[in-house]
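One structure is given here, and the rest of the page talks about it.
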Amino acid sequence: MRAERMIFALAFVLLVMAGLRDGLDQWVANTRLPVLISESSVEVRDRAGRMLRVYTVADGRWRLAVTPGQVDRGFLEMLIAYEDKRFYRHSGVDPRAMLRAVSQAVTNGEVVSGGSTLTMQVARLLEDSGTGKWRGKLRQIRLALALERWLSKDQILALYLTRAPYGGNLEGVRAATLAWFGKEPTRLTPAESALLVALPQSPEARRPDRNHAAAMAARARVLERMKRGGYLSAGAAAAALSEPVPSMRAGFPALAPHLSDQALAVEPLALRHDLTIDLGLQQSLEKLAINALPDLPGDVSVAMVVADHRTGEIVASVGSAGYQDDAARQGFVDMTRAVRSPGSTLKPLVYAMAFDRGLAHPETLINDRPVAFGRYAPLNFDGQFRGEITVTQALRQSLNIPVVLLLDEIGPAHLMQALKRAGMQAKLPGDQAGLAVALGGVGVSLRDLVQLYAMLANGGKARPLYWRAGAGQTGAQTQVISRSAAWQVSDILAGLAPPKGGPSGRIAYKTGTSYGHRDAWAIGFDGAHVVGVWIGRADGTPVPGAFGGDLAAPVLFEIFQRLKPNSDPLPAPPPETLILSTAELPQPLRRFTGREAVFKAPEDAPKLIFPPEGARLSLEEALPVKVRDGKPPFTWLANGRPILTGVYRRETALPGISEGFSRLTVIDAGGRVSRVNIEIE
């Protein structure tokens, strides 16, 4: 009977234990898991995978995604040895560690060591629960058991490495190593590993930048235990103790901020953005942007774009002289994409189109003289006229009248189409392009202009520029102008005198200044790269005295110097290029006259310039009139009726003009005529 009772009792105990086991199993199975996917900082990297910029998560914390494979193995071994020796053997809770912690607390009257496993710490981090209350500890135990059931050890470790606090707004080992050591956690010294092991236990009390002594002491305790446990030799521990503890945080990378913001706008859900930017060059040019304008007002900014015209990759992009600068400079505005007037920077394209159409050659003579196209009478920047000069001289001197004469033959609409084919997104202020487009009467961005000059540098073929790694197009390129015309323009621009100290003949470049000195430009290229510089105010107000040649050109040449010590040579002329002097040119190319010259009046014929064609005038007495060119004396007629004869003055007044429409005519001594139609109200 006694044996039967013992068997019954044993069976009862086994049943109770089985029930408890099943109950525990059901308890764990019913655990509601928190969200396991943590929001991670967005990372922007350069062409070689180096960090350009990091963004905080929504609550302002630095939290970078990481896996155990991305972390120094020595650190992981030290972490597990110090925090949870049986991490790979227990199922979330370590009873031995708990019993040891309780025994030490009873013996010493205070908590000496914790009984929490790494899995329990992950549970606490996921729910941001405390460690002191028994209900919180029970919840951590339950969640730890559930995590071990659903996740692998490496996944649990990855959660710890991503969420562990390291002081202030730093979460995760990658944020910690970047902030405290200025590097990724792939390779760490024992001293660095020991500090990282110690910080999460009391991240605020041990912050090296605020409590340096506490951080040193905590690191020393970790190193001492590693030495006692045989994980570090005495010599290695002593060497680690002698290594200084950082006393301040390093700043997180914040290069190419404007382009990084654009990358986020294009792909807002991506956690990593790889750009074509070169970190070293970008860093150098951002410093140059800050120091490039020491003598100008503080609200004047600068923008730069550097691209490899052989591939289309943008290798540097500086949107302003300071992304987080004061409100006056508006550094947050990306001036590489802002639409502004390009000044004279479109002139090379007009000349290239003229070469292609057989209207001119670099050695063609063109007359820089007063002209008028209806009511539009362009003037050179200095108000002077040079007379007959070569096209090469006209472009190098950036004269306005010759380029407008050429565009009048080409047609402004054809120029706009060429800009579009080159990959630009030019914006007209009105519905229809006029001759003023050649002088900057259109809106373009710095990136647009670099795109245009990349086409010139690439033998007249347009290849879209790109800044996102892998976004380059391998399809056919668009031939905008012939390669001979592209070379001729490049050769002319390479002959411009460089800024003081710059190399001669190695960089083809053009400067520009928009109306009212609002924008100063310099765009140039060598055999491999194209560089664009803009200087001005972000709000578009003038910068008195600012000229592209004085301000932007020196910065352009400095960028080339920082890009490489020696410029890549410009290409040789294509075999079909016509390289001749003016006298050797075919007769129609020796002097620009225009396709319709045979139907036009001679250049010195009289021109009735006031009143202009189509004018509507209110008149009480005589009508004032004005004639330019022609040979006096002049005869004036109204509707075919002579009003004045034998007039030698170029300005006079015609009496007796009645209300309504009238046709005014002036005849010079040579019988040449000019007419306009007006209306008198």
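Among the residues of the range 390-433, count how many are among the small types (Gly, Ala, Ser) and surrounded by fewer than 17 Cβ atoms within 10 Å (Cβ to Cβ).
First, the residues of the range 390-433 that are among the small types (Gly, Ala, Ser): 394, 398, 411, 413, 418, 422-423, 426, 430, 433.
When the remaining residues are screened for being surrounded by fewer than 17 Cβ atoms within 10 Å (Cβ to Cβ), the result is 411, 413, 430.
The number of residues fulfilling the criteria is 3.
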- Item | Neighbours by Cβ (under 6 Å, 6+ apart or cross-chain): first from the range 643-655, free of Cβ contacts under 8 Å to residues at least 24 places away in the same chain; second surrounded by 10 or more Cβ atoms within 10 Å (Cβ to Cβ) and part of a loop (DSSP other than H, G, I, E, B) | Gly646/Pro633; Val647/Pro633; Tyr648/Pro632; Tyr648/Pro633
- Note on the structure: Cβ pairs under 6 Å, 6+ apart or interchain, first in the range 360-383 and part of a strand (DSSP E or B), second of a type in the set (Lys, Arg), ordered by first then second residue, are Leu365/Arg591; Asp368/Arg386
- Task: Could you check how many residues of the range 427-452 are in contact with a Ser or Thr (Cβ under 8 Å, 6 or more places away or on another chain), among the hydrophobic types (A, V, I, L, M, F, W, C) and part of a loop (DSSP other than H, G, I, E, B)?
- Result: 1
- Residues Asp368, Asp356: which one is more than 30 Å from Lys626 (Cα to Cα) and charged (D, E, K, R)? Asp356
- Considering the range 350-389, residues that are in contact with a strand residue (DSSP E or B) (Cβ under 9 Å, 6 or more places away or on another chain) and within 23 Å of Ala522 (Cα to Cα), and then whichever is surrounded by the most Cβ atoms within 10 Å (Cβ to Cβ), we arrive at Pro362
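Determine which member of the set Gly527, Gly540, Gly549, Gly532 is surrounded by fewer than 22 Cβ atoms within 10 Å (Cβ to Cβ), within 20 Å of Arg310 (Cα to Cα) and within 24 Å of the chain's Cα centre (by Cα).
Working: Gly540 fails: within 20 Å of Arg310 (Cα to Cα); Gly549 fails: within 20 Å of Arg310 (Cα to Cα); Gly532 fails: surrounded by fewer than 22 Cβ atoms within 10 Å (Cβ to Cβ).
Going through Gly527, Gly540, Gly549, Gly532 in turn, just one is surrounded by fewer than 22 Cβ atoms within 10 Å (Cβ to Cβ), within 20 Å of Arg310 (Cα to Cα) and within 24 Å of the chain's Cα centre (by Cα): Gly527.
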- Of the residues that sit in the range 603-629 and are in contact (Cβ under 8 Å) with a residue 24 or more places away in the chain and among the acidic types (Asp, Glu), which one is farthest from Tyr376 (Cα to Cα)? Glu621
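Between Ala454, Ala438, which is farther than 21 Å from Asp526 by Cα, small (Gly, Ala, Ser) and surrounded by 24 or more Cβ atoms within 10 Å (Cβ to Cβ)? Before you say what the answer is, go through the steps one by one.
Working: Ala454 fails: farther than 21 Å from Asp526 by Cα.
Of Ala454, Ala438, the one residue that is farther than 21 Å from Asp526 by Cα, small (Gly, Ala, Ser) and surrounded by 24 or more Cβ atoms within 10 Å (Cβ to Cβ) is Ala438.
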- Which members of the range 56-72 meet the condition of being assigned to a loop (DSSP other than H, G, I, E, B), within 28 Å of the chain's Cα centre (by Cα), charged (D, E, K, R) and buried (at least 16 other Cβ atoms within 10 Å of the Cβ)? Arg61
- Item | Exclusive hit being among the β-branched types (Val, Ile, Thr) and over 22 Å from Leu419 (Cα atoms), set Ile535, Ile492 | Ile535
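Here are Met416, Met455, Met424: which of them is assigned to a loop (DSSP other than H, G, I, E, B) and in contact with a helix residue (DSSP H, G or I) (Cβ under 8 Å, 6 or more places away or on another chain)?
Numbers: Met416 fails: assigned to a loop (DSSP other than H, G, I, E, B); Met455 fails: assigned to a loop (DSSP other than H, G, I, E, B).
Sole residue among the options that is assigned to a loop (DSSP other than H, G, I, E, B) and in contact with a helix residue (DSSP H, G or I) (Cβ under 8 Å, 6 or more places away or on another chain): Met424.
How many of the residues making up the range 169-197 are within 16 Å of Val245 (Cβ to Cβ), in contact (Cβ under 8 Å) with a residue 60 or more places away in the chain and out of contact with any strand residue (DSSP E or B) (no Cβ under 7 Å at 6 or more places or on another chain)?
As a first pass, look at the range 169-197 and keep what is within 16 Å of Val245 (Cβ to Cβ): 170, 176-177, 179-183, 188-197.
Narrowing further to those that are in contact (Cβ under 8 Å) with a residue 60 or more places away in the chain: 170, 179-182, 188, 190, 192-194, 196-197.
If we keep only those that are out of contact with any strand residue (DSSP E or B) (no Cβ under 7 Å at 6 or more places or on another chain) as well, we get 180-182, 188, 190, 192-194, 196-197.
Going through the range 169-197 one residue at a time, the tally reaches 10.
Please tell me if Ala218 is among the hydrophobic types (A, V, I, L, M, F, W, C), in contact with a Leu (Cβ under 8 Å, 6 or more places away or on another chain), modelled with pLDDT of 95 or more and within 30 Å of Leu446 (Cβ to Cβ). Steps first, answer last, please.
Working: among the hydrophobic types (A, V, I, L, M, F, W, C): yes; in contact with a Leu (Cβ under 8 Å, 6 or more places away or on another chain): yes; modelled with pLDDT of 95 or more: yes; within 30 Å of Leu446 (Cβ to Cβ): no.
So Ala218 does not fit the description; no.
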- Note on the structure: Of (1) in a helix (DSSP H, G or I); (2) more than 21 Å from the chain's Cα centre (by Cα), Leu496 fails just (1)
- Item | Unmet requirement for Ser301, which otherwise passes all of (1) modelled with pLDDT of 95 or more; (2) part of a strand (DSSP E or B) | (1)
- Item | Hits in the range 309-350 - residues which are assigned to a strand (DSSP E or B) and over 21 Å from Gly516 (Cβ atoms) | Glu313, Ile314, Val315, Ala316, Ser317, Val318
- Note on the structure: Checked pairs for the range 421-437, first modelled with pLDDT under 85, second basic (Lys, Arg), C-beta under 7 Å and 6 or more apart or across chains, list as none
- Query: Hey, does the range 170-177 have a residue that's in the same structural domain as Pro95 (by TED's automatic domain parsing) and farther than 23 Å from Ala58 by Cβ?
  - Reply: no
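The values are calculated or read from the model by the stated rules, or taken from the named source; none is laboratory data. Keep in mind that what you see is a predicted model, and the values were worked out from it rather than measured. Heads up, the Cβs are rebuilt from the backbone with ideal geometry, glycines too, and the neighbour counts pull from every protein chain shown.
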